[in-house]
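The values are calculated or read from the model by the stated rules, or taken from the named source; none is laboratory data. These numbers were taken from a predicted model, which means no experiment stands behind them. With ideal geometry, Cβ positions are generated from the backbone for all residues, glycine too; neighbour counts draw on all protein chains shown. Ligands, DNA and RNA are stripped out before the accessible areas are found, and what is left, the full protein with its side chains, is counted by its heavy atoms. Shrake-Rupley method; radii C 1.70, N 1.55, O 1.52, S 1.80 Å.
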Amino acid sequence: MSDDFTTLETLFAAAHTGPGGSVTPPIVQTSLFTFGSYAEFENRMAGLSDDPLYTRVQNPTVAAFEEMMAKAEGGEAAVGFASGMGAISATVLAFVKPGDRIACVEHVYPDAYRLFERLLRPFGVDITYHPVAEFEDNPDLLRGAALAYLESPTSVMLQAMNLPKVASHARKAGVLTMIDNSWATPVFQRPIEVGIDIVVHSASKYIGGHSDTVAGVVIASKANIGRIRDLTLPLLGAKLAPFEAFLLLRGLRTLPIRMRQHQAAANLFVDRLSALPQVRRVNSPGANSVPGLGGRSGLLSIEFDETVDIRKLAEGLSLFRLGVSWGGFESLILPAGISLAQSMPFNSMQRFGVPRTLVRLSLGLENEQDLWADFQTALEKSAA
């Protein structure tokens, strides 16, 4: 945390000091920046100054968001992107070359899996997939790898990982570690503090929080962020736009209080679902279930038995909508059967054996008792 702030709440809520007493950063909606003299322009091009040059690589509004995210995650620097996949792709491609191996956790985000299989493997990068327990208990797993790609918890199955243990294995093996922290956010988990090198977010999720922004962000050391800024940010071009950065700053203002509301709903659902006979398992790691995890977000998955008609359940809901993504104010349901039927090549849910009886819920900001009443009514009507 920054020396100026002791809590995330204070960091995010601190008023911006701008022209005319503005409490929010201005949206600097420009494609380029000009210079007052030949010498200033020459110094910028020669790398002797850090004045803004071109919004594809540098913008004051984007920089304000990046600075706040770096402080929130306990990193030295950050860089924003136009999407979570832009952030993931730019980061992986900055540190991996043909002939390298990526050790990836199973049940990884489906499009990260497609990036590895459709793009990187044909270019000569080897990718191996391993369960959470193998990362934790097998110190030899990472030997010879260039990158450990992690999620805690993992997508869909939501398996949490002992990050301090994995980070220790990686340091001994000389392997760079990268984790997607979108589920927990810095409110509930700060991987850099336990030894992880690079943190990435789909900022479209909880960071934005309003389902109106698609964005990504990477947080790491100055050296690692510098490599991304020098190589893949300008050359791949997936820059974060000023208006989206403004919306993300707005989202951060309410992130801690939103995460507490998401957690309250998730706690209620986990407790009540776990007591139902037609529920085989609820996937939702809670606070202190692994070292460094301080809370539970609103994204969970449920494995039902065969007595539940998933289609009837999904279509019987009033407050939950059918859709992809998560982390917004609205509640969503995504049945695994729909994702398993996706026609795109390299389906990660097929690869890792996600059961058809699973559904994923994103619990929004509605009253948790109202959400439960809606879900319970639909579940009762879904008996096969």
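At least 2 residues being under 25 Å from THR154 (Cβ atoms) and either in contact with a Cys (Cβ under 8 Å, 6 or more places away or on another chain) or modelled with pLDDT of 95 or more (or both) is the threshold, and among the helices (runs of 4 or more DSSP H) wholly inside the range 1-109 those reaching it are 60-73, 84-95. I'm trying to understand the selection: among the residues of the range 194-212, which are open to solvent by 10 Å² or more (accessible area, probe 1.4 Å) and either outside any helix (DSSP H, G or I) or within 16 Å of ALA77 (Cβ to Cβ) (or both)? Listed by number, the residues that qualify are GLY195, ASP197, SER202, SER204, LYS205, HIS210, SER211, ASP212. When the range 147-167 is filtered for residues that are within 23 Å of ASP100 (Cβ to Cβ) and either β-branched (Val, Ile, Thr) or open to solvent by 30 Å² or more (accessible area, probe 1.4 Å) (or both), the ones remaining, listed by number, are THR154, VAL166. Restricting the range 184-193 to residues that are assigned to a loop (DSSP other than H, G, I, E, B) and open to solvent by less than 10 Å² (accessible area, probe 1.4 Å), the residue that is farthest from THR10 (Cα to Cα) is ALA184. Of everything in the range 346-384 that is assigned to a helix (DSSP H, G or I) and charged (D, E, K, R), the residue that is surrounded by the most Cβ atoms within 10 Å (Cβ to Cβ) is GLU368. Among the residues of the range 238-248, is there at least one that is within 30 Å of ARG143 (Cβ to Cβ), open to solvent by 50 Å² or more (accessible area, probe 1.4 Å) and in a helix (DSSP H, G or I)? No: the range 238-248 contains no residue that is within 30 Å of ARG143 (Cβ to Cβ), open to solvent by 50 Å² or more (accessible area, probe 1.4 Å) and in a helix (DSSP H, G or I).
Residues considered: THR24, THR61, THR30, THR17. Of these, the only one that is hydroxyl-bearing (Ser, Thr, Tyr), within 27 Å of ILE207 (Cα to Cα) and crowded, with 16+ Cβ neighbours inside 10 Å is THR61. When the test is whether a residue is in contact with a Gly (Cβ under 6 Å, 6 or more places away or on another chain), under 17 Å from TRP372 (Cα atoms), open to solvent by less than 10 Å² (accessible area, probe 1.4 Å) and modelled with pLDDT of 95 or more, SER297 does not pass it.
Being part of a loop (DSSP other than H, G, I, E, B), over 23 Å from the mean Cα position of the chain (by Cα), modelled with pLDDT under 95 and surrounded by fewer than 20 Cβ atoms within 10 Å (Cβ to Cβ): is that true of SER343 here? For SER343, the condition - part of a loop (DSSP other than H, G, I, E, B), over 23 Å from the mean Cα position of the chain (by Cα), modelled with pLDDT under 95 and surrounded by fewer than 20 Cβ atoms within 10 Å (Cβ to Cβ) - is met.
Can you confirm whether ILE333 is out of contact with any Pro (no Cβ under 6 Å at 6 or more places or on another chain), assigned to a strand (DSSP E or B) and hydrophobic (A, V, I, L, M, F, W, C)? So ILE333 passes the test.
Pairs meeting the criteria (first residue in the range 274-298 and under 22 Å from SER382 (Cβ atoms), second residue open to solvent by 60 Å² or more (accessible area, probe 1.4 Å), beta carbons under 7 Å, at least 6 apart or on different chains) are GLN278/THR307; VAL282/SER274.
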